[in-house]
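Since the structure comes first, as structure tokens, the remarks are kept for the end.
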Amino acid sequence: MALRFYNTLTQELEDFHPLVDNTVRMYTCGPTVYNFVHIGNFRTFTFQDILRRWLSYRGYELNHVMNVTDVDDKIIINADKERKSIEDYTALYTKAFFEDAAALRLQQPEHVSKATEHIPMMVKAIEELTAKGCTYTSEGSTYFRIGSFPPYGKLSHNDFSGMRTGARVDVDEYDKADARDFVLWKARKENEPAWDTPFGEGRPGWHIECSAMAMHYLGDTLDIHAGGIDLVFPHHENEIAQSESITRKPFSRFWLHSEHLHIESQKMSKSLGNFYTLRDLLDLGYQPETIRYLLASVPHRKKLNFTFEGLKAAAKSIERLRDFELRLASSKLSPGRNEELTERSEAAIRQFEESMDDDLNTAEALAAVFEYVRAMNTALDDNLYLEENRWESARVLEVFDSVFDVLKPTQSGGELNDSDIEAKIEERNQARKARDFKGADAIRAALMEKGIVLEDTKDGVRWKRK
RNA sequence: GGCGCGGUAGCCAAGUGGUAAGGCAGAGGUCUGCAAAACCUUUAUUCGGCGGUUCGAUCCCGCCCCGCGCCUCCA
């Protein structure tokens with residue numbers, strides 16, 4: 001089965017191929033850096049990371065642009081409250097965002113583009129729109145005239161004809177000709193950052209930022225545009241209106257949207273106050289990869305209900321896979337190859353690939369891995385697993401981890417280094433040999449105290465960090 | 001009201017017109033000096049409700065109930 005994605009634009013699953021050569025031109029809406037982003041936001045960024053990794057796995061080159069919105073209403077208000085400059089204020093949260101993203105093992109897009117560094121591209125885009133008669137000005141601000149773009153609503157599948165009015169409608173503090181119109185350029189206000197342009201001093205509206213930067217780096221037509229589902233309307237709809245009005249070409253071939261992270265059956269959001277940041281969860285003692293696993297384990301088009309029970313389950317799931325990895329590495333195996341297991345390994349990879357190809361069905365892909373692990377454990381128990389099968393299983397885990405990236409522990413730390421631990425274990429083995437179980441148990445307990453778990457197996461003692 | 005998504009075991013959740021993946025938790029077992037850990041087995045006659053289509057529906061259609069999202073900023 002070919003790689004396919006559900007496209008919000010067509011509301012269908014479609015086979016995916018890049019338009020030009022082997023490179024996927026992709027744009028994703030990044031954070032607005034007015035605060036710490038929460039793990040609901042990171043669900044979307046984790047989805048985008050899984051998408052990236054799977055496209056890479058499938059042999060495509062990536063040209064991925066993510067914006068950072070570093071000038072907007074909230075930023076201006078918050079920075080003012082804290083009496084910081086916009087630059088200092090956004091620098092803080094931009095840094096925090098990328099630290100958190102790194103902790104979650106999110107790959108960096110090829111281009112991270114800050115809005116404030118791309119004002120000329122936005123100005124050019126607005127001028128082009130004006131030349132095409134798609135704009136008007138009102139009280140110093142420039143607006144996009146929705147009436148000039150008949151397909152408006154094609155992404156969100158909304159029919160806006162009922163809202164079409166000739167009357168002037170006052171919405172917010174701006175004066176628009178039509179309720180649907182949106183601002184391209186906001187007139188300068190007192191104490192706000194502003195850029196001088198042919199159409200007046202001011203700052204960009206949110207939507208033009210993404211259109212301008214996407215087209216600047218990726219050309220007229222993108223292969224994929226992705227973001228959270230709440231951006232479908234109006235943000236992505238507006239991007240289409242702007243870009244396609246300029247180019248008269250499709251702005252993006254595929255639109256991929258991820259569902260929300262819920263908490264107690266409600267959208268996790270800043271405004272509801274029901275959110276956790278990554279830092280919150282790390283402070284509670286959870287590992288970043290546990291959160292990554294949880295966010296990645298449910299397919300992106302499904303709502304995911306966040307619970308601490310779910311988080312603990314994620315941690316245990318990772319542990320099960322790491323235990324298998326450790327068992328593989330530490331088992332004494334007879335020489336040879338079990339062909340049946342070889343086939344089983346190939347089948348596992350095939351199932352994993354087919355699941356991921358199917359609109360990134362991570363839940364099904366995980367099932368393939370866990371079924372495989374159980375089968376191999378059983379074979380190990382029954383001494384049917386042979387030396388030559390070892391690398392095949394390693395390959396299965398490698399494929400899995402090239403996407404999920406959770407097997408390597410984040411903390412290699414702890415007070416004891418490996419050789420200290422090995423020495424203690426040897427000490428305990430001597431005590432056991434001498435039937436000094438009290439002494440042996442004391443060593444075991446001391447290690448346990450430091451987070452080192454010992455397992456007595458038929459192949460000797462195995463240990464891991466808890 | 002319009003548009004969109006969903007309701008599957010205690011929890012998180014796949015999935016298919018032919019009789020329910022996987023993970024966690026629970027129960028049993030194996031291993032062990034004991035333990036822990038690990039591993040194995042097991043757990044839904046049933047997929048929100050009612051009709052319909054069909055030889056057969058959890059999966060298709062209709063209606064209803066419930067939850068969520070967007071329609072203003074929002075991942």
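The values are calculated or read from the model by the stated rules, or taken from the named source; none is laboratory data. Keep in mind that what you see is a predicted model, and the values were worked out from it rather than measured. As a convention, Cβ positions derive from the backbone with ideal geometry for all residues, glycine included, and neighbour counts pool all protein chains shown. With ligands, DNA and RNA removed, areas are computed over all heavy atoms of the protein, side chains included. Shrake-Rupley method; radii C 1.70, N 1.55, O 1.52, S 1.80 Å.
Region A:170-259 holds strands (runs of 3 or more DSSP E) entirely within its bounds, and those carrying 1 or more residues that are open to solvent by less than 30 Å² (accessible area, probe 1.4 Å), of a type in the set (Phe, Trp, Tyr) and in contact with a strand residue (DSSP E or B) (Cβ under 6 Å, 6 or more places away or on another chain) map to A:182-187, A:252-258. Checking the stated criteria, A:Thr378 turns out not to satisfy the condition of being within 34 Å of the chain's Cα centre (by Cα) and farther than 30 Å from A:Ala102 by Cα.
Here A:Glu371, A:Glu387 are screened, and the one residue that is in contact (Cβ under 8 Å) with a residue 40 or more places away in the chain and either assigned by TED's automatic domain parsing to the domain that holds A:Ser331 or of a type outside the set (Val, Ile, Thr) (or both) is A:Glu387.
Evaluate region A:76-90: report whether one residue or more is among the basic types (Lys, Arg), in contact (Cβ under 8 Å) with a residue 24 or more places away in the chain and open to solvent by 70 Å² or more (accessible area, probe 1.4 Å). No, every residue in region A:76-90 fails to be among the basic types (Lys, Arg), in contact (Cβ under 8 Å) with a residue 24 or more places away in the chain and open to solvent by 70 Å² or more (accessible area, probe 1.4 Å).
Quick one: is A:Lys95 within 17 Å of A:Gly205 (Cα to Cα), open to solvent by 70 Å² or more (accessible area, probe 1.4 Å) and in a helix (DSSP H, G or I)? Judged against the criteria, A:Lys95 is not a match.
Within region A:274-285, being at pLDDT below 95 and open to solvent by less than 50 Å² (accessible area, probe 1.4 Å) holds for one residue alone: A:Asn274. Being under 23 Å from the mean Cα position of the chain (by Cα), surrounded by fewer than 17 Cβ atoms within 10 Å (Cβ to Cβ), hydrophobic (A, V, I, L, M, F, W, C) and under 16 Å from A:Leu321 (Cβ atoms) holds for only one residue in A:Ala368, A:Ala363, and it is A:Ala363.
Please specify each residue of region A:108-138 satisfying the condition of being more than 13 Å from A:Pro198 (Cβ to Cβ) and free of Cβ contacts under 8 Å to residues at least 24 places away in the same chain. Result: A:Gln108, A:Glu117, A:Gly133. Annotation note: of A:Glu392, A:Glu426, A:Glu398, the sole residue that is away from RNA strand B (no atom under 12 Å from the Cβ), more than 36 Å from the chain's Cα centre (by Cα) and not aliphatic (A, V, I, L, M) is A:Glu426.
Cβ-Cβ contacts under 6 Å between residues 6 or more apart (or on different chains), taken from a first residue in region A:150-161 that is among the aliphatic types (A, V, I, L, M) and in a loop (DSSP other than H, G, I, E, B) to a second residue that is more than 8 Å from RNA strand B (Cβ to nearest atom) and modelled with pLDDT of 85 or more, are listed as A:Leu155/A:Leu9; A:Leu155/A:His236; A:Leu155/A:Glu237; A:Leu155/A:Ile240. Within region A:314-342, the set of residues being part of a helix (DSSP H, G or I), open to solvent by less than 40 Å² (accessible area, probe 1.4 Å) and of a type in the set (S, T, N, Q) comprises A:Ser317, A:Thr342. Residues considered: A:Asp441, A:Asp418, A:Asp436. Of these, the only one that is free of Cβ contacts under 8 Å to residues at least 40 places away in the same chain, away from RNA strand B (no atom under 12 Å from the Cβ) and open to solvent by 60 Å² or more (accessible area, probe 1.4 Å) is A:Asp418. Return a yes/no flag: does region A:380-389 have any residue that is more than 10 Å from RNA strand B (Cβ to nearest atom) and acidic (Asp, Glu). Looking through region A:380-389, at least one residue is more than 10 Å from RNA strand B (Cβ to nearest atom) and acidic (Asp, Glu).
Go through region A:128-153 and give me each residue that's open to solvent by 50 Å² or more (accessible area, probe 1.4 Å) and within 18 Å of A:Ala179 (Cα to Cα).
A:Thr137, A:Glu139, A:Arg145, A:Pro150, A:Pro151
Among the residues making up region A:304-332, those that are more than 6 Å from RNA strand B (Cβ to nearest atom) and farther than 25 Å from A:Ser402 by Cβ are A:Phe306, A:Phe308, A:Lys332.
One residue alone among A:Thr94, A:Thr90 is within 16 Å of RNA strand B (Cβ to nearest atom), assigned by TED's automatic domain parsing to the domain that holds A:Trp185, in contact with a strand residue (DSSP E or B) (Cβ under 9 Å, 6 or more places away or on another chain) and under 26 Å from A:Thr410 (Cα atoms), and that residue is A:Thr94. Checked against the criteria, A:His236 does not count as within 15 Å of RNA strand B (Cβ to nearest atom) and not assigned by TED's automatic domain parsing to the domain that holds A:His38. Might you let me know whether region A:352-362 holds any residue that is more than 9 Å from RNA strand B (Cβ to nearest atom), farther than 26 Å from A:Ala96 by Cα and in a loop (DSSP other than H, G, I, E, B)? Yes: region A:352-362 contains one or more residues that are more than 9 Å from RNA strand B (Cβ to nearest atom), farther than 26 Å from A:Ala96 by Cα and in a loop (DSSP other than H, G, I, E, B).
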